1. In whole Hz, what ³J(HN,Hα) sequence does segment 95-101 give by Karplus (6.51, -1.76, 1.60; θ = phi - 60°), x for Gly and Pro?
2. Using Cα-Cα distances under 8 Å and only pairs 6 or more residues apart, what relative contact order does segment 3-268 have, in percent?
3. Can you give the direction-averaged projected area of the convex hull of the alpha-carbon atoms in segment 119-274, in nm²?
4. Taking every DSSP beta bridge that has both residues in the chain, what percent is antiparallel when rounded to the nearest 5?
5. Over segment 65-157, what relative contact order in percent results from Cα pairs under 8 Å that are six or more residues apart?
6. Once phi is turned into ³J(HN,Hα) by the Karplus curve 6.51 cos²θ - 1.76 cosθ + 1.60 with θ = phi - 60°, what whole-Hz value does each residue of segment 60-68 show in order, with x for glycine and proline?
7. From the P(r) of segment 150-193, can you give the percent of Cα pairs sitting at distances over 11 Å?
8. Three principal axis extents, largest first, for the C-alpha atoms of segment 3-268, in Å?
Amino acid sequence: MLDIKPMAGSLGAEIRGMDLSQDLGNEDILRLRNVLNEYEVVFFRNQDISPARQKALALTFGPLQTHPAYATIDGFPEITILESTPDKPTRIEAWHSDMTFRQHPPLGTVLRSVIVPPKGGDTLWASMTAAYEGLSLHMQKFLEGLSAVHDFAYGFKESLAEPGGRERLADAVTANPPVRHPVIRTHPETGKKVIFVNSLFTTHIEGMRPAESRAILEFLYEHIKTPEYTVRFSWEPHSIAIWDNRSTQHKPVNDYFPHHRRMQRITIDGDKPY
């Protein structure tokens, strides 16, 4: 019996009664997709699954993407390792959607906890559907005709600035030139409109003077993290989060230094957001 427990007013639900270590039937896959469309991010606990099962779970949503900048699991190039240690703490601090520097940003993400700190290390998500609906009609109409540029090099500027960073990431920079996406996109499954700019990868809004673009983007970046649009998840070992990358943004809470945190992530290929 599937038990769905909503976690916040705008998004997020914990799912119980589904064993992700087993193959999911067509009915379970359809139910999971419908729940994800409704809640935008879903969580599971006590799911000690292998990399092969994580890949199989992600494949139920569609083809998979790889990431040009992160280490991967041996034999599973689709599974990236997100790790923070005392010697090499995480650099990701900003609210963002995954890999919007791609022409086809991910449909979604499957993230599995492997090592969690004794305290801290939560993750926040925000609903870009709720954030859009929270704008005035005048602002909605103004934004809907605009496009913005997203850039891999902008998102990884700290890594590129490290000694040897530009050489290490040269192929990734070449393979991922800047792309343009609408500031407001329509979700291809729900038909709802969402805000689709983020502070990690979006460089500017096209057709605006730099000061105008910065003012609009900074307003949106503050607006999207309104508490009423967010949900917070506390990780335990063998937890799994699946989120819709088209309609959410997320950020880690990096409050666990000097402890170790290791996650394994798969991103699912999406469509061009036009």
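1. 4, 6, 9, 5, 6, 6, 6
2. About 37 percent, as a whole number.
3. Taking a quarter of the hull surface, the average projection is 11.2 nm².
4. Antiparallel bridges: around 95 percent, rounded to the nearest 5.
5. Once divided by the residue count of segment 65-157, the mean separation gives 18 percent.
6. 5, 9, x, x, 10, 9, 10, 10, x
7. When every Cα pair of segment 150-193 is considered, 71 percent fall beyond 11 Å.
8. 52, 45, 34
Only the coordinates and a few stated rules stand behind these numbers; no lab work does. This structure is a prediction, so every number in the text was calculated from the model and none was measured. Virtual Cβ from ideal backbone geometry, glycine too; neighbours counted across all protein chains shown.
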